[in-house]
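So the structure is just underneath, and the comments pick up after that.
We did not get these values from a lab; they are worked out from the coordinates using the rules stated. Computed from a predicted model, the values in this text were never measured in an experiment.
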Amino acid sequence: MFWDGTPRAVAEWWTLKKGQRRAVCRMFTHVLGHELRLEGSRELVSSDVCRTDDEVIACQEQWRASLEAKGWKGRLEGTALTPHMDPIEDDARCTPEEEEHDRCAELRRP
């Protein structure tokens, strides 16, 4: 998804649980690349702007390893190459620019 001036959720990398609590790693569009957000109970816990795919992968892996070391367990997950894609309201619609760059198939992936 391309930057259009508004941050848009594009992927959910994983969800971890500890007791009744949940931690979710979501990826949003950002003017400089992507923004990863670590959320707990729908509140922002941490955020990091990543300029490259390698930075995205490293950041989410670091957050996950840190939480798992504290006893958090996986619930839903994707992989570094195919994040778990949740339907995110109308944000998953393709723009004409994305159609041109063949990115729609990636956004429509279940």
### Query
Applying the Karplus parametrisation 6.51 cos²θ - 1.76 cosθ + 1.60 with θ = phi - 60° to the phi angles of the stretch 37-54, what ³J(HN,Hα) value in whole Hz is obtained for each residue in order, glycine and proline being reported as x?
10, 9, 10, x, 6, 6, 10, 6, 9, 8, 8, 8, 8, 10, 8, 10, 4, 4
### Query
Non-local amide H neighbours of Cys50 (under 5 Å, H modeled in plane, Pro and chain starts lacking H): which ones?
His34, Glu35, Leu36
### Query
Taking only the alpha-carbon positions of the stretch 4-51 and ignoring solvent, what does the Debye formula give for the base-10 log of I(q)/I(0) at q = 0.21, 0.25, 0.27 Å⁻¹?
-0.68, -0.88, -0.98
